[in-house]
Structure formats: structure tokens, C-alpha cells
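J.: Take a look at this one; I'll ask things after.
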Amino acid sequence: MGCREQFQSFDPDTQMLLKTALKDPSSVDLEKVSNIIVDQSLKDQVFSKEAGRICYTIVQAEAKQSDGNVFRRNLLNRLQREFKDREDMRARSIHEWVCYVTFICNIFDYLKVNNMPMVALVHPVYDCMMRLAQPDALKNEEEVDCLVLQLHRIGEQLEKANSQRMDQLFFLLRDGFLLQEGLTSMTRLLLLEILEFRAGGWMLSSTANKYYYSEISD
């Protein structure tokens, strides 16, 4: 899906603003653009998965046009503000919290500096992952699902950025899997799958693949 199809849910003026930002970023208010993208990402999980690519396109266009990084700076500031309030956000709405995690992981995946993930995002992304691995979150399938999806997507990059924190995260996941009462069978399956996924060097063997994905589709 291209960036433009993603704009259908906005009113015509906002669509126009976003389309202009992709091509001619210096002609629009980039703080406003970053807020629109974050606001929509916090409401709409499908959009939060695509937003990284939209942000990447704007960042590239701005760098080419004026060598600027106004958009990226505003985006990171806003992500940081939301990050500070993440416990309130989670208490208010698990859906919004899961959208936020999906979005920040997506930004981590897409926005690179010299082909490396942005250092400023490594610890916040880990903090979100650690929160999803706490006992209360492991009782919520929506949060477990989010955690496993993000680790599939960026686990290997995150581990390269800081392997010690990945070890800590996986201690929590292993303890949750082995010791925590009251987890659903789906949650156990997802946790076991991600433990094996990392143990296999961020890949699943074909037999494991058959095992998990036939279970899930049955």
C-alpha cells in the first residue's frame, strides 16, 4: 500500500497537507504534520504500521530539499512526550497504548541515520517492550500480540543495538512463560514461539513454522 492510499481516512484539507509534505516539505507546517501523523497513529492501528514509511518519505524529502530535520525533531519530541505519559495512556486505553508501541517500533524500523537505527529511540523502545513483558500485560492478549509482532519485526536490530537489554527482556518472557499462572493458551503459544524465534537467531525453523502457524490457523 502506497503512502497516498493511507490518507483516505483524513478530511480533504489534511490529505492535501500530507501529500504536499511528502513532496515539498518546506512549504508546510511540519510540526502540524507530525502531530497529525502521531494523532492518527494512536487511534488507528493499521495506520500506525504504515506511518513509519510516510515519516521516512518526509524526512528524506526535507533532507534533500533544505538539508533540514525539522520534521524529525518535532516527531521525536512528540514521541517523547507520549512516552513520558505511557502509564496514563495504558490505563486510559490499551488500544491507544498498543498503537503507540506499534508506531514507535515502526519509526525505529524506518528512520535510520547512516543506515543505523536512531540511538535516541533504542531505550524508549526497550522500555515499551519491557512494559509489555510485565505480568499484568502478559494477561492481555492484545499486548502480547503487539510484543511478539514487534519483536518479529525489529528484534534483531534491537539486539544489535543493545544485547544486554534484550537478555533482560527475554528473562522476563521466559519467566512469564514458565511461572505465570492464568495465561491463555494463545499467549503461551505466542511466548513459546518468540522464545524459539530468538534462540534460532531471529528465524524459525520450518518445522517450528509449521507447528505454530497450523495451530494459529486451526
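J.: Just need log10 I(q)/I(0) for the chain at q = 0.10 Å⁻¹, Debye formula, equal scatterers on the alpha-carbon atoms, no solvent, rounded to two decimals.
T.: Per q value, in the given order, log10 I(q)/I(0) is -0.48.
J.: Could you give the size of the charge dipole of the stretch 1-113 about its Cα centre, using +1 on the Cβ of each K and R and -1 on the Cβ of each D and E, expressed in debye and rounded to the nearest 20? Don't skip to the answer; put the middle values down first.
T.: Numbers: 17 positive and 17 negative charges, 58 e Å.
So the dipole magnitude of the stretch 1-113 works out to roughly 280 debye.
J.: Given a 1.4 Å probe and every protein chain left where it sits, what share in percent of the accessible area of the chain is carbon and sulfur?
T.: C and S fraction of accessible area: 51 percent.
J.: Would you kindly calculate the mean projected area, averaged across all directions, of the convex hull enclosing the Cα atoms of the stretch 1-113, in square nanometres?
T.: Average projection, Cα convex hull of the stretch 1-113: 6.6 nm².
J.: Further question on the same structure: Assuming R0 = 25 Å, what is the FRET efficiency of Gln180 and His152, from their Cβ-Cβ distance, to the nearest 0.05?
T.: Efficiency at R0 = 25 Å is approximately 0.70.
J.: Given a 1.4 Å probe, how much area per residue of the stretch 1-113 is accessible, in Å²?
T.: The answer is 48 Å² per residue.
J.: Let me check something: with ligands and nucleic acids excluded, how do Thr14, Thr207, Thr57, Thr187 order by accessible area (1.4 Å probe), largest to smallest? Let's see the in-between values first.
T.: Working: Thr14 25, Thr207 100, Thr57 45, Thr187 0 Å².
Most to least solvent-accessible, the answer reads Thr207, Thr57, Thr14, Thr187.
J.: How big is the gap, in Å, between the Cα center of the stretch 170-209 and the Cα center of the stretch 67-136?
T.: Answer, in whole Å: 24.
J.: To continue, here is another question. Hey, what number do you get for the chain at 222 nm if only DSSP H runs of n ≥ 4 count, each worth -39500 (n - 2.57), divided across all residues, to the nearest 500?
T.: Counting only the DSSP helices, I get -25000 deg cm²/dmol.
J.: Note down the relative contact order for the stretch 1-113 as a percent, whole number, built from C-alpha pairs under 8 angstrom at least six residues apart.
T.: Computed over the stretch 1-113, the figure is 32 percent.
The values are calculated or read from the model by the stated rules, or taken from the named source; none is laboratory data. Not measured: the values here are computed from a predicted model. All Cβ positions, glycine included, derive from the backbone under ideal geometry; neighbour counts span all protein chains shown. These area figures cover heavy atoms from the full protein model, side chains too; ligands, DNA and RNA do not enter into them. Shrake-Rupley method; radii C 1.70, N 1.55, O 1.52, S 1.80 Å.
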